[in-house]
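**Student:** The following block contains the structure, expressed as structure tokens.
Only the coordinates and a few stated rules stand behind these numbers; no lab work does. This is a predicted model, so every value here is computed, not measured. Virtual Cβ from ideal backbone geometry, glycine too; neighbours counted across all protein chains shown.
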Amino acid sequence: MTAWSGRLIRWHYLHHRSVLVLLLAASLPGITLGCDEGLYGPDCDKVCSSTCEFGRCDAVTGKCLSCPPGKDGSQCNRDCKTGRFGHGCDQYCSRYCWSGSRACEPVDGTCLNGCKAGYLPPLCADKCPSGHYGINCTSDCISNCLDGKCDHAYGYCEKCPVGKTGGRCLKDCPSGTFGMDCAENCPPSCLNGLCHPITGQCEACPEGFKGEACNETCEVGTYGLNCSQLCSSACVGGSDLCSPSDGACLQGCEPGFMPPLCDKECPDYWYGPNCQQRCSVMCKDTLCHAINGTCINCEDGRIGTYCETECPLGTYGQNCAYQCSTNCTKRTCDRSTGKCLLCPIGQLGDYCDKVCPTMRFGPSCWLACSASCQDGLCHHETGDCFSCPTGRRGKRCHKDCSPGRYGIGCEDRCSRQCEGGFEQCNPVDGTCKKGCLPGYMPSLCLDECSKSTFGRNCAQRCNQTCADQVCHFKSGKCFSCVPGWLGFFCDKECPLGTYGAGCKGVCSDNCEGGLHNCSTTDGICRNGCVAGFQPPQCVEECPSTLYGPNCAELCSENCTGQECDARTGVCLSCPVGKEGDFCETECLPHRYGANCSEVCSAACQDGVCHHVTGVCYNCPAGKTGDVCDQNCTKGTYGPNCSSQCSRLCLHSECHRKTGVCHHCPPGRIGNFCNEECPATMFGLNCKQSCSPGCLNGTCDPETGFCLDCPEGKIGYHCDQVHAECEASTDSSDTACYGICSEHCVGGVKSCSPVDGACHDDCEIGYLPPRCAEECPPTLYGPGCSMQCSADCLDTLCNHVTGSCLACPDGRMGDMCDQECTSTKYGPECSQNCSVHCVDQTCHPASGICTACPRGRTGDFCEQECSPQRFGARCLQICSEACTDGLCDPVTGSCHSCPAGITGDQCDRECPSGLFGLGCEKTCSSACLNGVCEAAIGSCLACPGGMSGDLCDQAVPIPATAKPAKQEADWTTIGVAVGAAGGVLLLTTLVGCIVWCRRRKGNFSDDTVDISETSTRF
């Protein structure tokens, strides 16, 4: 410090209403003026407050020259008032902090709860940088926005690219418009007035026009929308001669092509210019060359360019390429199918490839086999029996067996054990007519008696006491006896006390009732065993877990190992915790262990414990552990320490027996700290009184801070006073740190000087009481009292009007309260429903068609029905009767029917008199009654004197032929005479047979069976 001999001028600054006060101080001559840094006072012996920034203060007054961030006051000992921050609290929190201008960090101004939408943390003073928006600027503007720029708060695009519109530029320009902001109209010549939303080029032109503006006519040889299709080269006169609008050939089509476009070959069954001529019905499936009509293939049985010639004799099938079967008589067969016209003897079938069925033979298999044949079966050509029934012989099985023989073919010999000799047997089955000799079994007398029978005809049964009931087949003596019996015929029972085979077994003395109750068969005691022995023979003692007569009782489950005395059932030993003969009694309540010899711990509640383990059932209050020898751990109390101390107790500590809290935290009282301090008290045990400056004397029960202050008072204890603030945005007064909102109704001069609340409410869209914040994103309107429409996307709307910021797919309108029109869908209803949908209507969100027209399927009805299906969603199957199973995908009507069939479903034959494809041909007038086969037109019958497929060939008449009536009369007479002659011949033949039988007494092998003969006739 420099000493002056004159005056020293010192400048001091006081910050109050921005007034600079100049103080002039004079120092006495010879006195050193000014203090060292950090000291003040007349003698510079006082130290500046440690709270001053850099420890510097005024050398005279000691007031701090400056304060560190977050502090103010002459000694920098006061925290910044709410809403201020920085050096000397000279800066204001941003009004864009999320909770308003009272919610920032007093040192550096960081907003405590983040920023309002559109402002950049941490100070929330700057708007989001370009390309970002939303809370804390964490959202990116969508790519649809022009240059990626959008509204800093809610992300609305500032401007849209060419051809786009809407808040998020998701919509294409409305129909009929294009360009920047969709401000230009599409050219009027565009089809339906539609053009590309960006370039304005027509999406499509009317038929016959082309070009970006559809103002150019099609070039020669082209036609249709945008002149994109080429005229057919099959037009008569060439591709230049077609309509530019629809491509129809002006002079018709060349042969083989179908009008009007001449771009498709003739359909099946048609040929020639414009496909107006029908293929020949003789062609295979009526199919021919589309240009000249020559058959592609012929119907079976025909050949030639137009299939006009039948197959030569002995051939058949397509192009007559097949030979008739060698089985056919003279190899003659049907020219179409190849079926034989006549078969050899013993054969039948379409191709004579089958022999006669069983029991038939001869030409056409119309003769029956002899009834004497085995099962009626014979050779299909000769009629000879394959085999004879038992007792018969001969080619036709007409002879009986000779004596001593029987069976099939009389090949078996009768038994010599027949009573009366082998001649006494039946020739059919060989049974002995008078029975068998002793020891042999009827009825054939070939086998000895079975093991259990003997005597004549084996009619007697062996004694049941014979072993296996087997005895000698003639005498009946037993070979051995069953257990318990003796003698040749095993008819003597074992002596008392013995049993079994040969009576060699000895009965047990433990049978109940003595030896009389021992079975002689197997030694089983009939009345059971005495106590301690187990049946059936009472020789073995009971198992360790059973006791009593017959070991029928189960030892008590209480016995150790469930083992007991075999006679009495008394337990051999008891498990721990049980006592008594049958271990049925648990230990007394105060005892436990083996034989109940242990005493429960005295620490147990009432001295009672578990009878096996000795663990206490319950412990008294404050104790725990198996034998109640442990105190409760911290935080628990009561019996078994099973209760938790109140969470309101300080450090959750309480008395281990009663649960009473040791101490309560500040602001609470009571045994369990469950009561708050009285309204005017606070602190530990509620012993401190609230500041007298608090409104109504009430304060926070924990901290003592006033809950509210009287008007004009501020501070935690309402002990600071400031002058009344004027209604102004001027914040230079240290007591007036708030700025009235410009959104108060009535302006910035219409708010409370105490808390900034607007006197006359807020402008629409701002949050009371201070009106400094916009409504939260889901609220809008006066006082933010209205809820955004639930139809809005994410329930977000404009804070003033309530109009939705965006709509979900399928909805539109300011409030998103309108569904898309029936033909629109998607975001902002900007997409058109598929043209294939019924009435072009679809789901407003997904675009899936509401319904498909008949003949189409798929979500967007984009697929035609697959072949052989039709109807709604292609769920129906075409009739199997349709040619190739193909039908109209809409109606299901068959495209075409096979020859001879008609109807939408090919379910009717041609009407009488018509035939062929579509039943369009008329039967030949030469057919009888004009009726013919429906497929190919062959006459079903011809008038007299005519023949041939079309009845066009006369039948030759011999020169000696009589008139028809005379011929019919002679025919009738001939039939009558023939019948009479047949009867006479039959009678004569029968007489001869009878005469021969009487003469010879028997038929020879070659004799004809009368039944066979009659069958033939």
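**Student:** Which pairs break 28 Å Cα to Cα here: 578/634; 127/164; 284/921; 687/713?
**Tutor:** Among 578/634; 127/164; 284/921; 687/713, the Cα-Cα distance tops 28 Å for 578/634.
**Student:** Quick check: from the Cα gyration tensor, does the stretch 42-148 come out rounded (a/c under 1.5), prolate or oblate?
**Tutor:** prolate
**Student:** Further question on the same structure: Would you mind checking the radius of gyration and Dmax of the stretch 189-341 based on alpha-carbon positions, in Å?
**Tutor:** Spelled out, the Cα radius of gyration and Dmax of the stretch 189-341 are 26.1, 87 Å.
**Student:** So for the pair residue 839, residue 66, with labels modelled 7 Å out along Cα→Cβ, what separation do we get in nm?
**Tutor:** Output for this residue pair reads 7.9 nm.
**Student:** Project the alpha carbons of the chain onto their principal axes and report the range along each, largest first, in whole Å.
**Tutor:** Largest first, the chain extends 197, 131, 49 Å along its Cα principal axes.
**Student:** Would you calculate the separation in nanometres between label points at residue 215 and residue 342, each defined as 7 Å from the Cα along the Cα-to-beta-carbon direction?
**Tutor:** 9.2
**Student:** Kindly state, to the nearest 0.05, the FRET efficiency for residue 928 paired with residue 322, given R0 = 41 Å and r defined as their beta-carbon distance.
**Tutor:** Given R0 = 41 Å and the Cβ-Cβ separation, E is 0.85.
**Student:** So which lysines can residue 474 reach, going by Cα to Cα under 16 Å and dropping same-chain residues fewer than 8 places off?
**Tutor:** List returned: 451.
**Student:** Okay, moving on. For a Förster distance of 35 Å, can you work out the FRET efficiency between the beta-carbons of residue 501 and residue 581, rounded to the nearest 0.05?
**Tutor:** The pair residue 501/residue 581 has a calculated efficiency of 0.15.
**Student:** Okay, next question. Would you work out if the stretch 330-377 is rounded, prolate or oblate? Take a ≥ b ≥ c from the square roots of the eigenvalues of the alpha-carbon gyration tensor; rounded if a/c is under 1.5, else prolate when a/b is larger than b/c, oblate otherwise.
**Tutor:** Cα axes put the stretch 330-377 in the prolate bin.
**Student:** Quote the relative contact order of the chain in percent (integer), defining contacts as alpha-carbon pairs under 8 Å separated by 6+ residues.
**Tutor:** Over the chain, the number comes to 3 percent.
**Student:** Between residue 400 and residue 754, what is the label-point separation in nm under the 7 Å Cα-to-beta-carbon projection?
**Tutor:** According to this spin-label approximation, the distance is 14.6 nm.
**Student:** Students often forget the sequence filter, so: which aspartates and glutamates lie under 16 Å Cα-Cα from residue 71 once same-chain residues fewer than 8 apart are removed?
**Tutor:** 53, 79, 90, 105, 108
**Student:** So, one more: Charges at C-beta only: +1 for Lys and Arg, -1 for Asp and Glu. How large is the resulting dipole of the chain about its Cα centre, in Debye rounded to 20?
**Tutor:** The dipole magnitude comes to about 4720 debye.
**Student:** Based on the Cα atoms of the stretch 35-85, what semi-axes does the equivalent ellipsoid have, where each is the square root of 5 times one gyration tensor eigenvalue, given in whole Å with the largest first?
**Tutor:** In descending order the semi-axes read 23, 8, 7 Å.
**Student:** In which sequence would 380, 662 go, from the one with the fewest C-beta neighbours within 10 Å to the one with the most?
**Tutor:** So the ranking, lowest neighbour count to highest, is 662, 380.
**Student:** Can you give me the Cα centroid spacing of the stretch 449-522 and the stretch 305-346 in angstrom?
**Tutor:** Here the two parts' Cα centres lie 86 Å apart.
**Student:** Quick check: the angle from helix 964-1000's long axis to the longest principal axis of the chain, C-alpha only, nearest 10 degrees?
**Tutor:** Once rounded, the angle reads 70 degrees.
**Student:** As an exercise, find the ratio Rg/Rh for the stretch 377-441 from alpha-carbon atoms, using the Kirkwood inverse-distance average for Rh.
**Tutor:** Taking Rh as the inverse mean 1/r over Cα pairs, Rg/Rh reads 1.15.
**Student:** Given the options 638, 680, 830, identify the residue whose Cα lies farthest towards the positive end of the charge dipole of the chain (+1 on Cβ of Lys, Arg; -1 on Cβ of Asp, Glu).
**Tutor:** Looking along the dipole axis, the top candidate is 638.
**Student:** For the stretch 747-851, with equal point scatterers placed on the C-alpha atoms only and solvent neglected, what are the log10 I(q)/I(0) values from the Debye formula at q = 0.21, 0.25 1/Å, to two decimals?
**Tutor:** Each listed q corresponds, in turn, to -0.92, -1.09.
**Student:** Oh, and also: Compare the Cα positions of 865, 651, 317 along the charge dipole of the chain (+1 at Cβ of Lys, Arg; -1 at Cβ of Asp, Glu; about the Cα centre) and return the one farthest towards the positive end.
**Tutor:** Going by the Cα projections, it comes out as 317.
**Student:** With the contact rule set at Cα under 8 Å and sequence spacing of 6 or more, what percent relative contact order holds for the stretch 565-623?
**Tutor:** 25
**Student:** Run lengths n ≥ 4 of DSSP H only: what is the helix-derived mean residue ellipticity at 222 nm for the chain, with -39500 (n - 2.57) per run over all residues, to the nearest 500?
**Tutor:** After summing the helix terms and dividing by residue count, I get -1500 deg cm²/dmol.
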